[in-house]
Amino acid sequence: MKKETKYIFVVGGVISGVGKGITSSSLGLILKNRGLNVTSIKIDPYVNVDAGTMNPVEHGEVFVLNDGDETDQDMGNYERFLDIDLTRINYMTTGRVYQSVIEKERNLEYAGKCVQVVPHIPIEIVNRIKKAAENASADVAVIEIGGTVGEYENILFLEAARMMKIERPRDVLFVMVSYLPTPSKVGEMKTKPTQHAVRALNTSGIQPDILIARADVALDDKRKEKLSFHCNMYPDRVISAPDVDSIYDIPLNFEKEKLSDKLCDILDIKAEKPNASAWNKWKKFAKHAHNGKETVKIAMVGKYFETGDFVLSDSYLSVIEAIKYSAYIQNRKPVISWLNSVDFEKSLAKLKELKNYDGIIVPGGFGKRGVEGNLQVVKFARENKIPYFGLCYGMQMMVIEYARNVLGLKDANTKEVNPSAKNIVIDVMESQKENLINKRYGGSMRLGAYKALLKDGSIARASYGKKEVMERHRHRYEVNPSYIQELEAQGLVFSGRSPDGNLMEIAELPKSTHPFFLGTQFHPEFLARPLSPHPLFTAFIKACIGEK
């Protein structure tokens, strides 16, 4: 018998960045804790086919799935909260939907019909949602519609959701996450913007069932009553969602208002009682965010921080969360500082400030900007025995620095930065050369999960506690095989390799040489989960604490 999935659509009102992704993740978690099989879907209104070509400074991190799909950072939140692996069917954009419809039209799959924006685009959206739910055998699918209600870009996605509600009224529920400002000069929380947002949603033929009211502080009863009256909903379905110190408190706050009971009641779901054991584990984890008199100070040296006068840490969201998980289990509170790699090119004296940190991370990136600054940071960390963790680009910087300053190859470089350098120690992958010649950039890198074999006696092998690992990749360049023998002869250990031995996946220095000097060509941060921290991040944090 085919499973009848329930669908929860999450939409946003008033402002962007109101917390739809974390709300969707939290809804999934509290329902999973009721014994339900939950999957999550993200809809981005962009015409981009995927998130891979978007600037991380503007859009935030590109999160890569096991199957290689380049997605929005909220997909990472879903995986982390629900502890599941999602696939490309769980992610869609305007561009991806239109591309699919056009391909079907070219293949005569519409049997000669006139293909129209309505109804064929919404129908494609509905089919994708149902397929994602079917693939996961989901009891509940939580679908986040990107953007803000009232925008032109998400009208067709709302139309698809409306069509599903008409088709299966008892199986579809709408949650609006909206913002209630408190103007400082007024001193009173205002509900009017949210009232207008609900009315805007009503013009799409949709009435929210639950209103998540985001604000600086908790809502009072007066505000709840006002929203209930003007937004045509029961007062107990207006859920207060004040700012919190940790996003991991949000599911706990939702359950204080018995939100999972309300969701199950509206959708007529006969769910189990909350799993006390699983919930206590989450509570214990969430409590760590507020504990920890002792800290561990991490310098994150990157190139995707500046956006006008603001710092966008979302560019490295998964790295930040991975640090937290591994620090928490060591009973430490991570204090992360954002350092722009370009600054180390302008002032070498700034390098001495790195001694104030317990560890240094150089995360992923592309392009020429800030490379020389990164190399100065790597050299300083290696010579001063400061724990260093290089992620993808950060491993490539390790290899270049080692080639320059230990092997004496002063012009050692990556082909990405200086194609004419005599010593190209980081070269374009053989499989990528044709893509670059033909300017095929989108979705063409080495993407997704690949196996790596670990060397006995290495830090990597000891950290994982096993010989083989699967890790997610997103890169076009690799260590040039021509230099591997020379690098290893001078002490650099390639402790992780592809099964055929051709691709260098992990580089490190032995503990006898350095407390922790390790880089990965893959992105371990994508597999870090709240209740199962990534072993390499944990090994790095332990080294940082030991160094302190």
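Laboratory data are not the source of any read-out in this text; all were calculated from the coordinates shown. Owing to the predicted nature of the structure, the values given are computational and were not obtained by experimental measurement. We place every Cβ from the backbone using ideal geometry, glycine too, and count neighbours over all the protein chains shown.
A few comments on the model shown:
- Electrostatic tally near residue 206: other residues with Cβ closer than 13 Å to its Cβ, Lys and Arg +1, Asp and Glu -1, net +1.
- Relative contact order for the chain: 15 percent, from Cα pairs under 8 Å spaced at least 6 residues apart, divided by residue count.
- Using alpha-carbon coordinates, inclination of helix 155-167 to the longest axis of the chain, degrees: 50 degrees
- When the range 291-547 is described by a simple charge dipole with +1 on each Lys and Arg Cβ and -1 on each Asp and Glu Cβ, the residue from 335, 479, 347 located farthest towards its positive end is 335.
- Angle between the chain longest axis and helix 221-231 axis [Cα atoms, degrees, rounded to 10]: 70 degrees
- Here the residues 262, 130, ranked from fewest to most Cβ neighbours within 10 Å of their Cβ, fall in the order 130, 262.
- What the Cα atoms of the chain give is an Rg and a Dmax of 24.8, 75 Å.
- For the chain, the longest principal axis of the C-alpha atoms and the axis of helix 117-135 are separated by about 70°.
- In the range 37-179, the DSSP beta bridges split such that about 20 percent are antiparallel, to the nearest 5.
- Size descriptors for the range 291-547: radius of gyration and Dmax over Cα atoms are 17.2, 54 Å.
- With each label modelled as a point 7 angstrom along the Cα→C-beta vector, the residue 482-residue 37 pair spans 5.3 nm.
- Residues 98, 388 arranged by fewest to most Cβ contacts within 10 Å: 98, 388
- Spacing of the two label points (7 Å from each Cα toward its C-beta) at residue 188 and residue 111, in nm: 6.1 nm
- Percentage relative contact order, the range 291-547, counting C-alpha pairs under 8 Å, at least six apart: 21 percent
- Taking Cβ atoms as reference points and 9 Å as the exclusive limit, the residues near residue 181 contribute a net charge of 0, counting Lys and Arg as +1 and Asp and Glu as -1.
- Neighbour-count ranking [beta-carbon atoms within 10 angstrom, fewest first] of 182, 94: 182, 94
- Cα-projected label distance for residue 384 with residue 405, points at 7 Å along beta-carbon direction, nm: 1.1 nm
- Local net charge near residue 274, Cβ-Cβ under 13 Å (Lys/Arg +1, Asp/Glu -1): +4
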